[in-house]
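The values are calculated or read from the model by the stated rules, or taken from the named source; none is laboratory data. Everything quoted here is computed from the prediction, not taken from an experiment. A quick note on method: Cβ atoms are made from the backbone with ideal geometry, for glycine too, and the neighbour counts reach across all protein chains shown.
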Amino acid sequence: MRLYRLRSRTGFCIYSEQGRDCGKFINDLRNSPLKFFGLSVRGERLYGYVGSGDFKHLCRLAEEHKLVCEKIDEKGAAKSFRPFKRRIGLVIGFFLSIGIVAFLSDRVMIIEIGGNETIPDERIMSHLEDTGIFIGSRISSVNLRRAEKQIAAMDKDIDWVGIKHIGSRVTVEINEMTSPPEMERKNTPCNIISSHDAQITGVKVYSGMLIPMVGDGVKKGDVLISGVVDTKYGRSFYVHSIGEITGIYTEKMTFSEKYVTEEKVCTGEVCAKALKIFGHKLIYSPAELPTGDYEYSETEERVTFLGISLPLYKITGHYRLTENRSITVTKEQAEQNIAKRAEKFEHNFLDGDMTVINRDIEKKYDKNGATFVYTYTIEGEIGEEKMILAKYEEFGGAATEEQPKEAN
């Protein structure tokens, strides 16, 4: 309390109406326990400052010496807060706001995650919660360096983790574990065989011995480029066959569409609203849970105030009622649906290096639906590697072929 009076001071002026001298009063003032500042004598008047709580005692002392004591001005916290003396709500709100700021300054308000490409944010947030880092947790109670090591140890897909905080914002940087590229073994003896029954239209051989020529017909599994090379001296050695063989072949696909099918349709929606703060949900608009089948989804929106993101989220839960209903399509609609599925198949699987030369469609109808058989005539790559397991001498000696094995 003494510190409060020292910080608040009141200016005074002391003088005598009968022309008395203030010298004795000054001596008594210096010997008194009153705290005063900046005494100065101007003419027959004494000026100075005294603690606001000691002004009444100063007036009594002046009356004892038959002097007049007047208040000049007042400075300090007492004067600043006096207008709010009867406004208790403002005072409480002021100190409450200070307490809230002090409380939130040591709490995690925002978590930002970066550097992750294949690992979802939800998975990283789960790891952070396991180490004690979540919205609303105390920053001072978490060892960030230890949390980094724990997260890297508990997830095999994470190579490195960096966690730092600036105020109430926690930033998490992730380096994902990258698997080394699969090494292509170029020294493993192998043949290139045909993947389809086809007619060869083009060949490029970089290693190995070509068996059929352009225009020849081959069956699935026939050797196109042999990894067994014969020398003019009557000896053989194995090589890794490398080449590009293109051919014309056919591919069949069957698409069916029923006239009557059962599908799930949405018959209504019920919403529930809640607020989430520091990981806890407070439902303020509950919804009556529907009976029967339904699908649930949730949307989350962060609450902002004056452009500042708050640790408060507005959550809306959607309950979509579903019901199985029979859907009936006409013959023309069934044909359109099949055409869309065939177009999607061609776009996903027959693009790239393949060229569709011809497309034949065999249409079949019955009382249940329609079935279309698509026969594609395609020109594309038909060669695929097949490993040769063999025992052969280190310096090109004769080789004996064992059971072939599919290349990985």
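Miscellaneous remarks
- Any hit, segment 361-372, residues being in a strand (DSSP E or B), under 48 Å from the mean Cα position of the chain (by Cα), loosely packed, with under 14 Cβ neighbours inside 10 Å and at pLDDT 75 or above: yes
- Residue selected from segment 22-56 under the condition buried (at least 16 other Cβ atoms within 10 Å of the Cβ) and of a type in the set (Gly, Ala, Ser), by the criterion nearest to Phe12 (Cα to Cα): Gly48
- Here Phe55 passes the criteria (1) touching a residue at least 40 places away in the same chain (Cβ under 8 Å); (2) touching a helix residue (DSSP H, G or I) at 6+ places or on another chain (Cβ under 9 Å); (3) in a helix (DSSP H, G or I) except the one numbered (2).
- Inside segment 57-80, residues that are surrounded by 13 or more Cβ atoms within 10 Å (Cβ to Cβ) and modelled with pLDDT under 70 make up a count of 5.
- Pairs with Cβ under 7 Å, 6+ apart, first in segment 162-188 and more than 16 Å from Arg123 (Cα to Cα), second modelled with pLDDT under 85 and exposed (fewer than 10 other Cβ atoms within 10 Å of the Cβ): none
- Restricting Leu312, Leu389, Leu306 to residues that are at negative phi, modelled with pLDDT under 90, exposed (fewer than 15 other Cβ atoms within 10 Å of the Cβ) and out of contact with any His (no Cβ under 8 Å at 6 or more places or on another chain) narrows the list to Leu389.
- Note on segment 109-136: among residues that are in contact with a strand residue (DSSP E or B) (Cβ under 7 Å, 6 or more places away or on another chain) and among the small types (Gly, Ala, Ser), the one that is farthest from Thr171 (Cα to Cα) is Gly136.
- One residue from Ile192, Ile211, Ile200 being within 46 Å of the chain's Cα centre (by Cα) and either touching a residue at least 12 places away in the same chain (Cβ under 8 Å) or closer than 30 Å to Asp106 by Cα (or both): Ile192
- Taking the criterion of being charged (D, E, K, R), at pLDDT below 80 and out of contact with any strand residue (DSSP E or B) (no Cβ under 9 Å at 6 or more places or on another chain), the residues of segment 8-30 that qualify are Arg20, Asp21.
- Glu257 being within 44 Å of the chain's Cα centre (by Cα), buried (at least 17 other Cβ atoms within 10 Å of the Cβ) and either part of a strand (DSSP E or B) or not assigned by TED's automatic domain parsing to the domain that holds Ala342 (or both): yes
- When the test is whether a residue is loosely packed, with under 14 Cβ neighbours inside 10 Å, β-branched (Val, Ile, Thr), in the same structural domain as Gln199 (by TED's automatic domain parsing) and at negative phi, Ile378 does not pass it.
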